[in-house]
Every structure is written in structure tokens, then in C-alpha cells.
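See structure below.
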Amino acid sequence: MKWRQPKVYAVQHKTESIRASSRSGGIFTAISDKVFDKKGIVYGCVLDENFNAIHTRAESAEERNRMRGSKYVQSKLGDVYKEIKNDLVLGRVVLFSGTSCQVDGLKHFLGKDYDNLICVDIVCHGVPSPKVWSVYLKWQEKRKKSKIMSVDFRNKKDFGWRAHKEKLLFKSGSVINSNIFTTLFYGHNILRPCCYECPYKSVMHPGDITIADYWGIDKAASEFDDDKGTSLVLINNDVGQELFESVKNCIKWKETRLEDSMQAPLQAPFPKPEERDAFWNDFSCRKFEYIAKKYGGAGLKNIIKREFRIGLYKIKRGVVKTMELFIK
């Protein structure tokens, strides 16, 4: 049975190390740990050795931990739907996590309901092109003359939960914390065409539970606002509510108001940018250096402008005083 509208919660995992390793508040770890307690299987998105986003199967917490964190690129599903069906037929409890369109796609593939299936979908901003991600990484490797060893789409450890800097670690030992791919992502030019007409950009979702970063937590539940990460959790049906009740012992939670939680992807799809065609023409015809400067905010002038805007934002929020900003 579906709720008329979802119940809404702010959530933080009680174990600080888990929350620190998670992109937001650690609710995915709490839910998947409960599935493992039932000898179940968890399916989710990881980065492979070439930093491609792929969906894979996990039977242990160690395998599951690779699924933590955001991947701002379209994932490859491969044969995951078939594997899920096999596990369900064998009677295994299965947790599938993915975008709303992937969850809905799984349900259509299965063709019927399974009592041993749990679906968790994420509030999706939009799905960026893997091609742009791949070219970006190769461009950074060429600049640093070194192979990339690891990536983090959002370096929460060094910059806090609210910041959005991708971290690249190179074989040479050097590290880049950049906003270039982030800027391309939020510019919306690199999203798939279908994302501009996404039918899931509302409060109604196909998952039993929907999760996201809790943007607006400062207003919805200010006591959770510590810049270490808080999960927004939408409970969409009885299955989701039962699962949520089962993990309350390992999380801090507070029921919040839906109207205080209405971030943009819960309201409507982002419109297609007017410059999208120009972007893809440039991407096809020019070197990535040009793309990075024109659309990704690279270059000294763009960096100064961006840091100035960030500084004004921090002053407005009272994070730093005006004098501290300019002394720094």
C-alpha cells in the first residue's frame, strides 16, 4: 500500500566513522547491514578499475562499502537485472539501490512483485554522460603526466559535506581537488536528454525508500546541521516503513516536514540549457582544455570569481567573518 505522500526523516548514522565514509548521513549502510543480517544480497553502483560507474553484487560489508558515495555519471547495469531475478527466485532477500528510472526498470523487467525484494532509489539531479567523464579524466592525467589511482566525486573529508570538490589522486602522489567536472554537472549540459523530461522529479518514487542529501537541513532540523552529512529519507510504503523501523537502533532520526525538504529534484526536471547544443558541438570539435575553461570554470579568472562567490556565501551564512576571509 502506498502512502498518499511519503513520510520524511532526517537521518544520521550513530557510528561517526560510517557517517564519515558515507556521502551524506549513512542511511544506506544501515539499511544494507540489515539485509546482510538476513543473509541477503545488495546490488549497487561502484567504480571499476577504469573509474567507470557499474552496478554490481555484494554479499559482504566489504564489497558493499565500495557502493558508498556519489557517482555523478551514468552507471552500466549489465546483467544485474537477470542476477537479481535469479537471487529472488532462490529465495534470497535482495536490496537494489539505484536511480528511480533504474528501480522502475527493474520492476518492469521482473514483471511481478517479490516479497523478498527491497528497492532504494536516490533523489537524482540528472545523469551525466560517461563520455565527458572519461575525457575529463584523460585530460587531467595528461596535465599531471601521471595515471589517476583513485577518484572521489565529493571530497567530504577535506572540505565538509556541503562542499562539492572532486578529488583525484595520481600515481605520482600528487592530488587535485577540482570543481571542473562539478561545474559541468551543475551546468546541466552533460545530462542525458531524457533527464530534462524525467517523470520521477516529484515526491512520488518507485522505491520503497528514497534517499538523498538533506539539503535544507538547517531549516528542517537545525540540530542535525553539523556539515558532516545528513540523509534525507522518504518512506514510500509499508515495506519501507517496516525496514526503517528495523534500523532505528543504529541511527539518529527525526521526522520532518515535507514542505521543508523540497529540494529542486523533488519538484521538476531541470530544463534543457539553451547552450546545450553549442556545448556538444564544442565538445566534439575542440580540445577539452577549451571545454574546461568555457564551461567548467577552469582558468585563473574563473577561479577568482568562484572563490569570491563562495566567500560571500560563507559571510552570508556566518561561517567566517569578513576580516577572516580577507586575511586568509
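The values are calculated or read from the model by the stated rules, or taken from the named source; none is laboratory data. Just so it is clear, the structure is predicted and the values come from calculations on it, not from any experiment. All Cβ positions, glycine included, derive from the backbone under ideal geometry; neighbour counts span all protein chains shown. Note: areas computed on protein heavy atoms with side chains; ligands, DNA, RNA excluded. Shrake-Rupley method; radii C 1.70, N 1.55, O 1.52, S 1.80 Å.
Worth pointing out:
- When Val103 is tested against (1) under 27 Å from Val35 (Cβ atoms); (2) surrounded by 15 or more Cβ atoms within 10 Å (Cβ to Cβ); (3) over 19 Å from the mean Cα position of the chain (by Cα), only condition (3) is not met.
- Listing of strands (runs of 3 or more DSSP E) fully contained in the stretch 2-82 that carry 1 or more residues being open to solvent by 50 Å² or more (accessible area, probe 1.4 Å) and without any contact (Cβ under 8 Å) to a residue 60 or more places away in the chain: 2-13, 53-58
- Among the residues listed as Leu325, Leu243, the single one being open to solvent by less than 80 Å² (accessible area, probe 1.4 Å), assigned to a helix (DSSP H, G or I) and modelled with pLDDT of 95 or more: Leu243
- Members of the stretch 167-202 found to be without any contact (Cβ under 8 Å) to a residue 24 or more places away in the chain and among the charged types (D, E, K, R), listed by number: Lys167
- If you go through the stretch 133-186 and pick out every residue that is open to solvent by 60 Å² or more (accessible area, probe 1.4 Å), at negative phi and assigned to a loop (DSSP other than H, G, I, E, B), you end up with 4.
- Residue check: Phe283 meets all listed conditions (1) buried (at least 17 other Cβ atoms within 10 Å of the Cβ); (2) free of Cβ contacts under 8 Å to residues at least 24 places away in the same chain; (3) not aliphatic (A, V, I, L, M) but one, namely (2).
- Considering only residues in the stretch 110-132 that are open to solvent by 50 Å² or more (accessible area, probe 1.4 Å) and within 24 Å of the chain's Cα centre (by Cα), the one that is nearest to Val239 (Cα to Cα) turns out to be Ile122.
- Exactly one residue out of Ser284, Ser222 is among the hydroxyl-bearing types (Ser, Thr, Tyr), within 17 Å of Val8 (Cβ to Cβ) and out of contact with any helix residue (DSSP H, G or I) (no Cβ under 8 Å at 6 or more places or on another chain): that is Ser222.
- Breaking point among (1) modelled with pLDDT under 95; (2) open to solvent by 60 Å² or more (accessible area, probe 1.4 Å); (3) of a type in the set (Lys, Arg), for Arg306: (2)
- The residue that is surrounded by the most Cβ atoms within 10 Å (Cβ to Cβ), among those in the stretch 209-234 that are of a type outside the set (Ser, Thr, Tyr) and over 18 Å from the mean Cα position of the chain (by Cα), is Ala221.
- Test: residue in the stretch 122-132 that is in a helix (DSSP H, G or I) and over 30 Å from Ser32 (Cα atoms): yes
- Residue-level analysis places Glu259 among those that are in a helix (DSSP H, G or I), farther than 19 Å from Cys195 by Cβ and at pLDDT below 95.
- Of the residues making up the stretch 83-98, those that are surrounded by fewer than 22 Cβ atoms within 10 Å (Cβ to Cβ) and in contact (Cβ under 8 Å) with a residue 24 or more places away in the chain are Glu83, Lys85, Asp87, Leu88, Gly91, Arg92, Val93.
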